[in-house]
Amino acid sequence: MHALLVPFLSLSLILLLPLQARAGVATPAPLTDTADSQAHALFAADWQWRLQNQPELATALGQKRFHHLLSDTSLAASLATSAHEKLVLEQARQLLAASDGQLDAATGLSLDVFIEQKERRVRAAALYPYRYAPLTNQDGLHLTLPRLVVQMPFTDEADYRAYLARLDALPAHVDGLIEQMREAQKLGWSAPKTSLRLVPELLRQLRESVPGGALERPFREIVATIAAPVRLELAAAGAGALNNRAIPALQKLEDYVRLEALPQARDSVGMLAMPGGAEYYRFLLSDSTALTAQAVHALGLREVARLQATMGAAIARTGFKGNFTQFAAFANSDPRLFASDADKLVRRYRRQLARANAAAARLFDNVPADVLEVRTIDAGAADQGAAYYEAASEVRAAAIVVNTSRLASRPLWETETLVLHEGVPGHHLQVTRARQLEALPAFRRYGWYAPFGEGWALYAESLGAELGMYGEPFSDFGHLNSDLLRSARLVVDSGLHALGWSRQQALEYLNANTANAHADNEVEVDRYIAAPGQALSYKLGQLRLQALRERAQERLGARFDIRRFHAALLDNGALPLALLERQVERWQQATLAAAGAGTKAPAPAQ
């Protein structure tokens with residue numbers, strides 16, 4: 001979680017529900033409005049607090065009011081954020097108790113989601129009060145800063161002034177990152193050495209690319225509608241800000257990581273090596289499942305074995321004669337299975353996206369009409385995966401962002417699966433549908449729960465056959481291999497963080513049990529090390545969604561409608577899985593009741 005940039009404001013200024021603090025306990029003022037309106041006032045006020053204190057999020061969502069800010073990364077700001085979350089949680093709980101069952105169903109669900117969200121943040125802060133690993137090979141300022149600039153609009157003088165102010169804030173932002181990392185080292189919570197090994201070079205590349213790169217581009221292309229003297233002034237101010245603040249700040253962070261953080265970083269890779277690490281990992285697991293790490297590991301082994309047993313038929317359809325290991329080597333080396341240049345790879349993605357879009361109405365009532373582009377990665381491509389989804393912003397359409405570096409490790413047989421996962425009906429359909437739900441409070445329209453979002457995207461991959469995809473034998477294999485990788489993650493992530501596996505053990509397991517290129521598996525393993533538990537959300541979420549579908553089909557029989565089932569999953573925005581299961585149960589009950597009354601089954605309630 002990003003911390004505050006502006007000084008921490010008391011809730012009496014931020015929230016619309018005034019509080020009277022006594023002996024450290026927040027006591028709500030007398031209720032003067034309906035419980036529903038008070039709940040929505042709380043949601044709205046907390047959302048505005050979040051945008052102000054996470055201005056990078058605000059920029060991504062097109063909130064221009066905060067383009068001049070960067071988040072405060074200091075230790076004090078992290079502690080202030082935790083205090084805010086505790087106080088807001090207390091308010092929400094008191095509101096729920098005082099409502100005496102008078103909340104309407106939609107507001108009640110929103111309050112449940114709000115409380116669950118705040119409870120998890122408070123629990124996380126109790127285990128470790130700061131952001132774990134704010135800078136790694138695959139996440140941090142070297143990637144987010146250029147992406148942030150691309151997301152900003154530059155249409156008038158105020159936009160350029162906001163960017164100048166943001167550059168002025170960069171030194172303090174960097175100082176906060178260094179403060180966090182030094183504190184983590186002192187407390188035994190530093191990132192592993194392998195998670196930091198590429199960071200100095202990535203920061204150097206960003207720093208040296210400032211002249212002529214993404215950070216300078218706005219000042220090279222100042223819009224002609226601004227008066228010429230002002231354009232000259234802005235260009236000079238931009239050069240000064242980049243040369244006197246941005247470049248020195250990036251140099252300072254690079255030097256710190258190279259000379260201090262990396263030499264002192266721990267050689268161990270798992271959470272077990274940190275004080276309280278085992279408990280923290282159990283907490284991360286609880287976001288996706290009630291299973292123990294050992295049970296997750298065993299589940300992963302079973303899923304890997306099941307999928308490997310089914311892949312023989314897909315391999316046979318290609319005409320290849322040999323076993324899985326031999327086929328994996330062939331599939332990752334034969335030049336016929338790779339694009340010869342970046343344009344050909346991008347065109348392949350666009351063709352597959354057009355096919356998915358054309359077929360989506362078979363399974364969904366609300367297919368987004370919003371433009372979904374295919375773009376290439378702007379920066380740091382070599383150490384990122386094959387593709388990712390970027391939601392629409394104020395200045396850019398949504399996109400599947402494709403990695404065209406190392407083309408020899410980007411097989412064409414993975415493109416259909418990635419389009420379904422990142423685009424339609426995966427992330428793009430789910431995220432866009434949530435944003436369309438204007439009756440929901442903003443924190444739900446723009447909310448994200450990895451077990452739901454990544455579980456949905458992996459479930460979306462499984463819909464390929466129903467959408468007429470995977471007709472090519474190699475594409476069918478690519479789909480199965482994608483599912484296999486997500487199952488192998490259960491084995492490897494739990495192995496690293498609960499069973500004491502080394503990085504080499506994790507690499508050897510992925511190399512032996514998936515058809516991924518070995519270079520990609522290095523990126524994968526380093527990702528699991530840097531972000532414990534996150535990679536589990538895909539398979540664990542998918543399994544729960546698939547189980548919901550199977551139960552609904554069995555219970556509803558001929559009354560089961562796949563489009564309405566998908567609406568029941570998506571039409572409340574992203575939900576914690578336990579709350580999602582409750583909503584799907586209500587939809588099933590309503591469907592059965594409508595059938596008994598001889599009426600049309602209702603749409604899912606929001």
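The values are calculated or read from the model by the stated rules, or taken from the named source; none is laboratory data. Because the structure is predicted, anything quoted here is derived from the model rather than measured. When we count neighbours, we look across all protein chains shown, and the Cβ atoms used for this are built from the backbone with ideal geometry, even at glycine.
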Taking the condition crowded, with 16+ Cβ neighbours inside 10 Å and either of a type in the set (S, T, N, Q) or within 21 Å of Leu284 (Cα to Cα) (or both), does Tyr130 pass? yes
Collect the residues in region 272-297 that are in the same structural domain as Ala450 (by TED's automatic domain parsing) and farther than 18 Å from Ser537 by Cβ, keeping them in residue-number order. Gln294
Look at region 360-374 and say how many of its residues are at pLDDT 95 or above, buried (at least 17 other Cβ atoms within 10 Å of the Cβ) and out of contact with any Pro (no Cβ under 9 Å at 6 or more places or on another chain). 2
Expected single match for surrounded by 16 or more Cβ atoms within 10 Å (Cβ to Cβ) and in the same structural domain as His173 (by TED's automatic domain parsing) among Pro211, Pro248, Pro218, Pro229 is Pro218
Ala92 small (Gly, Ala, Ser) and touching a Phe, Trp or Tyr at 6+ places or on another chain (Cβ under 6 Å): yes
Residues of region 421-455 being in contact with a His (Cβ under 8 Å, 6 or more places away or on another chain) and outside any loop (DSSP other than H, G, I, E, B), which ones? His421, Glu422, His427, Gly453
Could we say that Val149 is among the aliphatic types (A, V, I, L, M) and either crowded, with 22+ Cβ neighbours inside 10 Å or farther than 26 Å from Val523 by Cα (or both) here? no
When you go through Leu70, Leu95, Leu79 one by one, which is the residue that is among the aliphatic types (A, V, I, L, M), assigned to a loop (DSSP other than H, G, I, E, B) and either in the same structural domain as Leu42 (by TED's automatic domain parsing) or on the phi > 0 side of the Ramachandran plot (or both)? Leu70
So if I check each of Val230, Val257, which one is within 30 Å of Pro275 (Cβ to Cβ) and touching a residue at least 60 places away in the same chain (Cβ under 8 Å)? Val257
Of the conditions (1) modelled with pLDDT of 95 or more; (2) within 23 Å of the chain's Cα centre (by Cα), Asn516 satisfies every one except a single condition; which number is it? (1)
Among the residues that make up region 373-386, is at least one of them closer than 30 Å to Leu141 by Cα, acidic (Asp, Glu) and part of a helix (DSSP H, G or I)? yes
If you scan region 326-339, which residues turn out to be outside any helix (DSSP H, G or I) and either over 19 Å from Glu416 (Cβ atoms) or over 31 Å from the mean Cα position of the chain (by Cα) (or both)? Ser333, Asp334
Sort out which residues of region 165-180 are buried (at least 20 other Cβ atoms within 10 Å of the Cβ) and either outside the structural domain of Ser195 (by TED's automatic domain parsing) or within 14 Å of Phe66 (Cα to Cα) (or both), and write them in order of number. Arg166, Leu167
Go over the candidates Leu57, Leu141 one by one and state the one that is of a type in the set (A, V, I, L, M), within 26 Å of Arg207 (Cβ to Cβ) and buried (at least 23 other Cβ atoms within 10 Å of the Cβ). Leu141
Go through Gly276, Gly212 for me and flag whichever is of a type outside the set (Lys, Arg), touching a residue at least 40 places away in the same chain (Cβ under 8 Å) and on the phi > 0 side of the Ramachandran plot. Gly276
Some residue of region 87-104 being under 30 Å from Ala169 (Cα atoms) and modelled with pLDDT of 95 or more: yes
Taking the condition of being in contact with a strand residue (DSSP E or B) (Cβ under 9 Å, 6 or more places away or on another chain) and among the aliphatic types (A, V, I, L, M), how many residues in region 159-197 meet it? 2
For region 473-586, which fully contained helices (runs of 4 or more DSSP H) count at least 1 residues that are without any contact (Cβ under 8 Å) to a residue 24 or more places away in the chain? 503-513, 518-530, 536-556, 562-570
Meets criteria (acidic (Asp, Glu) and either closer than 25 Å to Ser110 by Cβ or surrounded by fewer than 19 Cβ atoms within 10 Å (Cβ to Cβ) (or both)) for Glu422: no
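Residue by residue, here is whether (1) free of Cβ contacts under 8 Å to residues at least 60 places away in the same chain; (2) in a helix (DSSP H, G or I); (3) within 20 Å of Gly464 (Cβ to Cβ); (4) of a type in the set (Lys, Arg) holds:
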| position | (1), (2), (3), (4) |
| --- | --- |
| Leu285 | no, yes, no, no |
| Thr289 | no, no, no, no |
| Leu299 | no, yes, no, no |
| Ala305 | yes, yes, no, no |
| Lys321 | yes, no, no, yes |
| Lys344 | yes, yes, no, yes |
| Arg351 | yes, yes, yes, yes |
| Arg355 | no, yes, yes, yes |
| Ala358 | yes, yes, yes, no |
Consider Glu90 carefully, then state whether it is assigned to a helix (DSSP H, G or I), in contact with a strand residue (DSSP E or B) (Cβ under 9 Å, 6 or more places away or on another chain) and of a type in the set (D, E, K, R). yes
Surrounded by fewer than 17 Cβ atoms within 10 Å (Cβ to Cβ) and under 26 Å from the mean Cα position of the chain (by Cα): which single residue out of Ala313, Ala290 fits that description? Ala290
Just to be sure before I move on: is Ala595 modelled with pLDDT under 95 and touching a helix residue (DSSP H, G or I) at 6+ places or on another chain (Cβ under 6 Å) in the structure I sent? yes
Ala547: assigned by TED's automatic domain parsing to the domain that holds Leu485 and either on the phi < 0 side of the Ramachandran plot or crowded, with 21+ Cβ neighbours inside 10 Å (or both), yes or no? no
Could you tell me which numbered condition Pro263 fails, if it satisfies all but one of (1) part of a helix (DSSP H, G or I); (2) touching a Leu at 6+ places or on another chain (Cβ under 8 Å)? (2)
So is Val401 among the β-branched types (Val, Ile, Thr) and either in a strand (DSSP E or B) or surrounded by fewer than 16 Cβ atoms within 10 Å (Cβ to Cβ) (or both) or not? yes
